Ligand SMILES: [Fe+2]
């Protein structure tokens, strides 16, 4: 059934549309911005930004929040907020009645003809619909206005589900994968993310129904160069001695730089040819990929934005990912990246090995940590765009570019379990100590990429989220330790409890295989003398890429101006407390 979607452009500026109104209604229903955000399928940050924008547009609060700030407390609509919602719905109803006859006539035009999109048209969304067993369609579709290109998007919940989604009605074959003539003249194509014969639990593939098969998205390749993007093994030529290392943020570029050109490899581990190990990158970007597209045959990419949101326009759908969210781009998926802000910076884990999956919970049981329903996979989206485009491929550490005369983002419908997804880190439900001591940091594992050896991850993606510290008679920060695994850490925002100074948002640290580390001298002093009442660690989000392999530093990272020469000194103030008495010397 056709429907009218209304956006009101207000004077002098600002607009109100279905996205904001749906969010306000959910805030009214749930009394919580975070619950409302989940209900309408947007990130918490995005919801908060929309609330703030709404308050600004009307010059008075539409939403009032109670004590607890951005991350806590409740929220409710003010009288003005309720009035705006009621008024918008009244306008919508009146407009719908007035336009009903014309809308029906418009639909009749579509029903009577093939709704193929005009050749050469720019970015356009067709009918946004999808089918998903057991799931009521998420009606929310926000309209994003960036430049002159409207874009609607929505997501399907679940981790590794067998999804179905189509942009045009009937584009997705039912009951079979490869009809003799797929609807709309589309080509059927399978994208295999695992060997055909992989066990059922790890067997991943999707069927894509596209305007042209992918063989038409490759011409002859020629070599391309991305000198800062390295692959393992990369024993780079530098003379930095072994040590614990920490950096301030990688500087933003002065020249136009897109997401791919802005990739700066910090470490590599394992071997890309043997499909084991990883690379840790930082990306910096200030321009969109417009007619440039990319796929990585070497590994999947876990992207962790730190500054600026990113819009991943992929062949299987569109994902908007803000700082505080992460996303995963499967090996072989074609995509381009647009910036949602003026500039962007973040971290990428390029996983050469087995795919990231959810860790087993063991005695924790069926809930907590990262819950499957909080992973969001985009619905199908395509463009029928016949303009000169480029596709760059990363393959066994090298880069290859090919020119084509159309967009490769032409998948009209797809089904399967091999697909991109995003995840809001604020939905991670932490589990921790409730009496004394604390568990190993593996308790905060969001995703794990297994190796062939049980319990020995190729990579663990671990976060250190806001949480309560309540343990009695306990040194609460992370303990001192040496680790056979190698730890690359980054900070998305706030402070990290073991290092309150020196580890700054956008910065990074590397504690390599068997190199000792732990809280700095100030952190030790503070934690050793703290009054152990319950304390909430708030406004913080650090993460770790932890791998079984030693991480080799790149020359870029070794020579980066932001490398902190004095990092080792953060432990120099640790005193000898042993004086032969059971009490020790705490003077
Ligand atoms: Fe550690």
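Screening residue 478 against (1) in a loop (DSSP other than H, G, I, E, B); (2) closer than 25 Å to residue 240 by Cα; (3) within 11 Å of the ligand (Cβ to nearest atom) leaves a single unmet condition, (2). Within the option set 568, 463, being within 16 Å of the ligand (Cβ to nearest atom) and surrounded by fewer than 15 Cβ atoms within 10 Å (Cβ to Cβ) holds for one residue only, 568.
Kindly indicate which of 516, 542 is touching a strand residue (DSSP E or B) at 6+ places or on another chain (Cβ under 8 Å) and loosely packed, with under 14 Cβ neighbours inside 10 Å.
516
Taking the conditions exactly as written (more than 15 Å from the ligand (Cβ to nearest atom), surrounded by 17 or more Cβ atoms within 10 Å (Cβ to Cβ) and not assigned by TED's automatic domain parsing to the domain that holds residue 457), does residue 574 satisfy them or not?
No; evaluated as a whole, the condition is false for this residue.
Take the conditions (1) away from the ligand (no atom under 16 Å from the Cβ); (2) over 24 Å from the mean Cα position of the chain (by Cα); (3) outside any strand (DSSP E or B); residue 468 misses just one of them, which is (3).
If only residues of the range 513-525 that are within 10 Å of the ligand (Cβ to nearest atom) and part of a loop (DSSP other than H, G, I, E, B) are counted, the one that is modelled with the lowest pLDDT is 518.
So which residues in the range 485-512 are away from the ligand (no atom under 11 Å from the Cβ), in a loop (DSSP other than H, G, I, E, B) and under 23 Å from residue 461 (Cβ atoms), if there are any at all? 495, 497, 503, 504, 505, 506, 507, listed by residue number. Restricting attention to the range 540-565, the residues that are assigned to a strand (DSSP E or B) and either farther than 27 Å from residue 425 by Cα or within 16 Å of the ligand (Cβ to nearest atom) (or both) add up to 9. Among the residues of the range 436-443, not a single one is surrounded by 17 or more Cβ atoms within 10 Å (Cβ to Cβ), touching a residue at least 60 places away in the same chain (Cβ under 8 Å) and away from the ligand (no atom under 16 Å from the Cβ).
The values are calculated or read from the model by the stated rules, or taken from the named source; none is laboratory data. If you're wondering where the values come from, they're calculated on a predicted model, not measured in any experiment. Note: ideal-geometry Cβ built from the backbone for every residue, glycine included; neighbour counts use all protein chains shown.
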